[in-house]
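Q: Could you have a look at this structure, given as structure tokens, before my questions?
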Amino acid sequence: MSGHIIGNRFTYFLVFIALMVGTAVTVAVTYIHLGWLNLPLALAIATTKAVLVIMFFMHLKDHPKLIKVTFAAAFFFFAILVAHTLSDYLSREGHGMQTYPASGLVANP
Amino acid sequence: MSEVHAALADHGHEHHPRLQHHFDSLEQQLYASTFGMWVFLVTEVLFFGGLFMAYIVYRIWYPDMFVHASSHLSVPLGTFNTAVLIGSSLTMAYAVNAAQRGARPREQVIWLFGTMVLGAIFLGVKVIEYMDKITHHLVPGPNFHFEDPAYQATAQIYYSLYFALTGLHASHMIVGMVILAILAYKAAKGQFTAEWYTPVEIMGLYWHFVDLVWIFLFPLLYLIGGAH
């Protein structure tokens, strides 16, 4: 049973500080050119911030398994959407992803 | 006839006025409501997910265009709005906490109202940004004009995604602000107590989810390619 989950106000404040720091870091990192690493780094920071919001502000960590599995299913569905869509779009003639030595991954013109 | 009414009115036990008859306890009722909200949020993930999918396809197809097109977005304004929205998540968490503790109506209203103010600031900045796009002819359509003719056609894809994603997000915030206003009114009347605060709890989940979407939109739309 879920029951009443009452969070700690100081914990909320710490999470808020962590999210602000994460925002500052993700902006700062943009101004450092790391090539292809910039995108995965930005996504890693965003995912970390998202996990903080979901676990502490939304209290998913304190919820019963039924709710945890339900919400996890959303990202499972999204992964199916991405995998099946890309298997089509990336294999289309004239628009597939090709690797050029100089510029990395670019689209066909 | 009157016997039936009497039987319905008095079914053998005392209970909280907010407890609906098909639930055993307030705890079970809260669990059912919370579960329902999480199921709704699953549909929301896929609602935004479709647009994120379009973003992924076009970013893979036109990586250079994304760098050029996104350079017209203001990183300071985007960063400011991100901070405002994270702040509104904190005030929302405090609003839920106040209702859960059965705090005085005044305290509950302050946190709900604070969340609304921060939401309004976010939307105000969004209006400034949209106005800037309109004056610079960056709205997709016949009047679209991009400085670099090489990206005249494809930059419209970026701005279509920009307006669709931020527009859907902003419309969620407008809906959230209306619900917050209703909750603040009910909180002022002292309707939320430590025994029953379900609407505030559910609204908290919704508001944090809207924050969650922005956490991904900000780097994906504003922070592409870094400084030029």
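Rule-based calculations on the coordinates, nothing more; no lab input. Every value quoted in this text rests on a predicted model; they were computed, and no experiment measured them. Neighbour counts run over all protein chains shown; Cβ positions are idealised from the backbone, glycine included.
Q: When the Karplus curve 6.51 cos²θ - 1.76 cosθ + 1.60 is applied with θ = phi - 60°, which whole-Hz ³J(HN,Hα) does each residue of the range B:138-155 get, with x for Gly and Pro?
A: 9, 8, x, x, x, 8, 5, 9, 10, 4, 8, x, 4, 10, 3, 7, 6, 4
Q: Over all directions, how big on average is the projection of the convex hull of the alpha-carbon atoms in the protein assembly as shown, in square nanometres?
A: If you wrap the Cα atoms of the protein assembly as shown in a convex hull and average its projections, you get 21.6 nm².
Q: Follow-up. I'd like the mean, over residues of B:73-85, of how many other protein chain beta carbons sit within 10 Å of each residue's own Cβ.
A: For peptide B:73-85, the averaged partner shielding equals 2.
Q: Let me ask something else about it. Need the full-extension length gain, B:GLN152 to B:ILE134, defined as separation in residues times 0.36 nm minus the C-alpha distance. One decimal, nm.
A: Additional length available on full extension: 4.9 nm.
Q: Using θ = phi - 60° and the Karplus curve 6.51 cos²θ - 1.76 cosθ + 1.60, what whole-Hz ³J(HN,Hα) does each residue of the range B:83-92 get, with Gly and Pro shown as x?
A: Calculated HN-Hα couplings, in order: 4, 4, 5, 5, x, 5, 5, 5, 5, 5 Hz.
Q: May I pose another question? Work from the charge dipole of the protein assembly as shown (Cβ charges, +1 for Lys and Arg, -1 for Asp and Glu, about the Cα centre) and give the residue of B:TYR158, A:LEU86, B:TRP111 farthest towards its positive end.
A: The listed residue farthest towards the positive side: B:TRP111.
Q: Pairs to check: A:LYS61/B:LYS186; B:LYS133/B:LYS186; A:LYS49/B:LYS133; A:LYS49/B:LYS189. Give those whose C-alpha atoms are more than 32 Å from each other in this structure.
A: Distance filter (> 32 Å) returns B:LYS133/B:LYS186; A:LYS49/B:LYS189.
Q: May I ask you to derive the FRET efficiency for A:ALA73 and A:HIS33 from their Cβ-Cβ distance with R0 = 41 Å, giving the value to the nearest 0.05?
A: 0.60
Q: In nm, to one decimal, how far is the modelled label at B:VAL39 from the one at B:GLU27, with both set 7 Å along Cα→Cβ?
A: Here the answer is 2.2 nm between the modelled labels.
Q: On to the next question. For B:LYS126, go through the aspartates and glutamates and keep the ones whose alpha-carbon is under 16 Å away, minus same-chain ones fewer than eight residues off.
A: Partners found: B:ASP211.
Q: Using θ = phi - 60° and the Karplus relation 6.51 cos²θ - 1.76 cosθ + 1.60, list the HN-Hα couplings for the range B:119-134 in order, rounded to whole Hz, with x at every Gly or Pro.
A: Values per residue, Gly and Pro as x: x, 5, 4, 4, 5, x, 5, 4, 5, 4, 5, 4, 4, 4, 5, 5 Hz.
Q: Nearest 500 deg cm²/dmol is fine: what mean residue ellipticity at 222 nm does the protein assembly as shown get from its DSSP H runs of n ≥ 4 alone, each adding -39,500 (n - 2.57), divided by its residue count?
A: -24000 deg cm²/dmol
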